Amino acid sequence: MDAKEVNEKLTYYFRPLSFPVAVKLLTAADKLPEKVKVPSRDFGHKIMTCQATAMARRHGISVAVGPDDVKCAPSAIGLGMVDPNTLEKPEGPEAVSKTLELGKYTYVVYSPLHSARFEPDVLVVYGNSAQIMRMVQAFTIPGKSVKTVATALADCVDIAYLVEDPAPYMILPSGGDRLFGTAQDFEMIFALPWSMLEECLNGLEMTHKLGFRYPVVSYLRYEPQLPPFLDLDGMRK
């Protein structure tokens, strides 16, 4: 199933407010996809990883983030792009609770799904609670489980870590994603391995046929109880 077909199905069942994002983790043996922006090379400065996600989902730009592109210490540590033992850590909370293997990945690529020039490792969607409910239902109603991550710190690491723990995840956007990545107060994140995509789409279709929809279908077949100044029947002589 190609990216454009997946995007069309998500548009029908999920109706995203921003582009779904395809995420790819590259090793030294992998080539960068065509037409991808590298911040240190193309922007002339470093960025937050959540900015790259926002550029993909809001501006439709494909961005590759490597060790020379990351401004955020928790992100760089969690993505395995810097050895924390080489850093002089200031007072404050621990950077991240989990990390990818140091040096295993040279770039993390974020692309709008509809124009991705690679097979993703992870698919990421942002949505309101009702939209994310639909993604959860796609797995739970057929009898599978969905994991939840609520660290509120470096959600870029939570997303990338799916390559080590492949499962559907509901993720709380982090403070950095809200400040630098434009995540809104009403938004949540749902991420899943690309290998589970067909299962997700089948689940969305099946639950849609059962009557679970987005926008949520309101129940309207009832007789309203009205106050006297609105009730036509009560006004009749």
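Condition first: within 21 Å of residue 11 (Cβ to Cβ) and touching an Asp or Glu at 6+ places or on another chain (Cβ under 6 Å). Now tell me which residues in the stretch 167-188 satisfy that.
183
Pull up the stretch 28-54, narrow it to residues that are β-branched (Val, Ile, Thr) and outside any helix (DSSP H, G or I), then point me to the one that is surrounded by the fewest Cβ atoms within 10 Å (Cβ to Cβ).
Among them, the one singled out is 38.
Does residue 143 count as modelled with pLDDT of 95 or more and touching an Asp or Glu at 6+ places or on another chain (Cβ under 7 Å)?
no
Please go through the stretch 69-96 and pick out each residue that is of a type in the set (Gly, Ala, Ser), surrounded by 14 or more Cβ atoms within 10 Å (Cβ to Cβ) and either out of contact with any helix residue (DSSP H, G or I) (no Cβ under 8 Å at 6 or more places or on another chain) or without any contact (Cβ under 8 Å) to a residue 40 or more places away in the chain (or both).
Across the stretch 69-96, the qualifying residues are 73, 76, 80.
Pairs under 7 Å by beta carbon, first residue without any contact (Cβ under 8 Å) to a residue 12 or more places away in the chain in the stretch 1-26, partner surrounded by fewer than 20 Cβ atoms within 10 Å (Cβ to Cβ) and among the hydroxyl-bearing types (Ser, Thr, Tyr), six or more apart or different chains?
That search, which allows pairs on different chains as well, returns nothing.
Residue by residue through the stretch 147-164, note down the ones that are farther than 16 Å from residue 80 by Cβ and in contact with a Leu (Cβ under 9 Å, 6 or more places away or on another chain).
148, 149, 150, 151, 152, 155
Quick one: would you say residue 100 is assigned to a strand (DSSP E or B), surrounded by 12 or more Cβ atoms within 10 Å (Cβ to Cβ) and either in contact with a strand residue (DSSP E or B) (Cβ under 9 Å, 6 or more places away or on another chain) or of a type in the set (Ser, Thr, Tyr) (or both)?
Criteria not met by residue 100.
Using beta carbons and a limit of 8 Å, which pairs, at least six apart or on different chains, have the first residue in the stretch 214-235 and among the aliphatic types (A, V, I, L, M) and the second one modelled with pLDDT under 95 and part of a helix (DSSP H, G or I)?
Matching pairs, first to second residue: 226/234.
Would you please list the contacts, defined by Cβ atoms under 6 Å and residues six or more apart or on different chains, that run from a residue in the stretch 104-118 that is under 11 Å from residue 57 (Cα atoms) and touching a residue at least 40 places away in the same chain (Cβ under 8 Å) to a residue that is buried (at least 17 other Cβ atoms within 10 Å of the Cβ) and of a type in the set (S, T, N, Q)?
Correct list of pairs: 110/53; 111/62; 113/7; 114/7.
Check off (1) at pLDDT 95 or above; (2) surrounded by fewer than 19 Cβ atoms within 10 Å (Cβ to Cβ); (3) charged (D, E, K, R) for residue 177 and give me the number that stays unchecked.
With respect to (1) at pLDDT 95 or above; (2) surrounded by fewer than 19 Cβ atoms within 10 Å (Cβ to Cβ); (3) charged (D, E, K, R), residue 177 is out only on (2).
Tell me yes or no: at least one residue of the stretch 19-26 is at pLDDT 95 or above, within 28 Å of residue 215 (Cβ to Cβ) and surrounded by fewer than 20 Cβ atoms within 10 Å (Cβ to Cβ).
Looking through the stretch 19-26, none of the residues is at pLDDT 95 or above, within 28 Å of residue 215 (Cβ to Cβ) and surrounded by fewer than 20 Cβ atoms within 10 Å (Cβ to Cβ).
The values are calculated or read from the model by the stated rules, or taken from the named source; none is laboratory data. In this text, all values refer to a predicted model and were calculated from it rather than measured experimentally. Neighbour counts are summed over all protein chains in view; Cβ atoms, including those assigned to glycine, are modelled from backbone coordinates with ideal geometry.
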